[in-house]
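Let me begin by presenting the structure, written as structure tokens, before commenting on it.
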Amino acid sequence: MIDHLSISVSNFARSKAFYEAALGAIGYCVLREFGSDVAGFGVPPKPDFWIRADQANISPVHVAFGVDSREHVDAFYAAAIAAGGRDNGAPGLRPHYHPDYYGAFVFDPDGHNIEAVCRRSSGSFGEMK
């Protein structure tokens, strides 16, 4: 079980602003900071996604955030693009992964592939197939 994840970013202020917007759309916020170069994001009370100023990871990473509705996927994508993210796959079904896999992908300012995914059917909120 993964407790938390940390990635390195090349421009802390730019990346922090990007993640505040993109992850804010799915209920995440900055919950903890250390100095001016480390920030932990999460859903209260615990941060589970961290960024820290350093050279960006040599190989970009892929991080997927699970959300409870397709509307959250859409909101994440719109917020991430508005905050300077680059498209890597607009919101939509990816049935080759799973029949109800609805996801969106963006590249963050350092080229990390950030995703929001909902595995619920298009039925009422909380209804699972």
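Laboratory data are not the source of any read-out in this text; all were calculated from the coordinates shown. Remember, it's a predicted structure, so these values are computed and weren't measured experimentally. Using ideal geometry, Cβ is built from the backbone for each residue, glycine included, and neighbour counts are taken over all protein chains shown.
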Exercise for review: Read phi for every residue in the stretch 104-118 and hand back ³J(HN,Hα) as whole Hz from Karplus 6.51 cos²θ - 1.76 cosθ + 1.60, θ = phi - 60°, with x for Gly and Pro.
Suggested key: 9, 10, 9, 8, 6, x, 9, x, 5, 8, 10, 10, 10, 9, 10
Revision key, fill the gap. Counting sequence-distant residues (5 or more places) and residues on other chains, those with an amide H built under 5 Å from that of A116 are F65, A104
Check your understanding: In a Debye calculation with equal point scatterers on the alpha-carbon sites of the stretch 12-103 and no solvent, what is log10 I(q)/I(0) at q = 0.21 Å⁻¹?
Key -> -1.14
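Could you sort the peptides 5-11, 78-84 by per-residue average Cβ neighbour count (10 Å cutoff), highest mean leading?
Working: 5-11: 16.0, 78-84: 18.1.
The packing order, highest mean first, is 78-84, 5-11.
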Review point. Translational D (Stokes-Einstein, µm²/s) of the stretch 67-111 at 10 °C and 1.306 mPa s when Rh comes from the Kirkwood sum over C-alpha pairs?
Key: 147
Review point. How much length is gained on full extension from N11 to N113, taking 0.36 nm per residue of separation minus their Cα-Cα distance?
Key: 35.1 nm
Revision key, fill the gap. Two pseudo-spin positions, 7 Å from Cα along C-beta at M1 and at C29, lie apart in nanometres by 2.6
Check your understanding: Using Cα atoms only, what is the angle between the long axis of helix 12-24 and the major principal axis of the chain, expressed in degrees (0 to 90) to the nearest 10?
Key -> 20
**Study point:** 14 Å cut-off, amide nitrogen to a point 7 angstrom out along D37 Cα→Cβ, residues in the stretch 1-29
**Key:** 8-13
Review point. Considering the Cα trace of the stretch 1-66, what is its radius of gyration and what is Dmax, both in angstroms?
Key: 11.2, 31
